[in-house]
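The structure appears right after this line, and notes come after that.
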Amino acid sequence: MRRLTLAILLLILASSTSLNSSFATCWVLDGTFYVKNKNDMIKFAHAQLEGDMQTRLKMRKEGRIHSTQRVLANYLEPGNHEVYVYLSGIGKVWIYHTSLQCR
């Protein structure tokens, strides 16, 4: 009985330490652009790289691109230069990978 109790305690301790080591607190920086549709983020990123201010402004005016202040984020899925995240108070969106900070 003692061995079984000790084994259960060791399993609980081992599982809690492995969970802590894989957990990270993430957030996005002030002025982070986000979109609901991955293709919109790719188009916006391309316009950003090309210096195409007209396309960027048009996308903002149409409501396809939004920005947010610093909020907590949960990492969901990687992209090329974009990351799928859950932003607190906003929901699941795509952002630039450089806007996501974790520790």
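Values in this text are rule-based calculations from the coordinates and carry no lab data. Small disclaimer: the values here were computed from a predicted structure and weren't measured. Cβ placement follows ideal geometry from the backbone for every residue including glycine, while neighbour counts extend to all protein chains displayed.
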If you rank 85, 71 by fewest surrounding Cβ atoms within 10 Å, what's the result?
71, 85
Students often forget the sequence filter, so: which aspartates and glutamates lie under 14 Å Cα-Cα from residue 58 once same-chain residues fewer than 8 apart are removed?
40
From Cα pairs below 8 angstrom and at least 6 apart in sequence, can you work out the relative contact order of region 24-102, rounded to a whole percent?
43 percent
Normalized C-alpha radius of gyration of region 24-102, against 2.2 N^0.38 Å?
1.02
With 0.36 nm assigned to each residue of separation and the Cα-Cα distance removed, residue 103 to residue 54 gains 14.0 nm
Run the simple label-point estimate for residue 81 and residue 66 please: 7 Å along Cα→C-beta, distance reported in nm.
2.3 nm
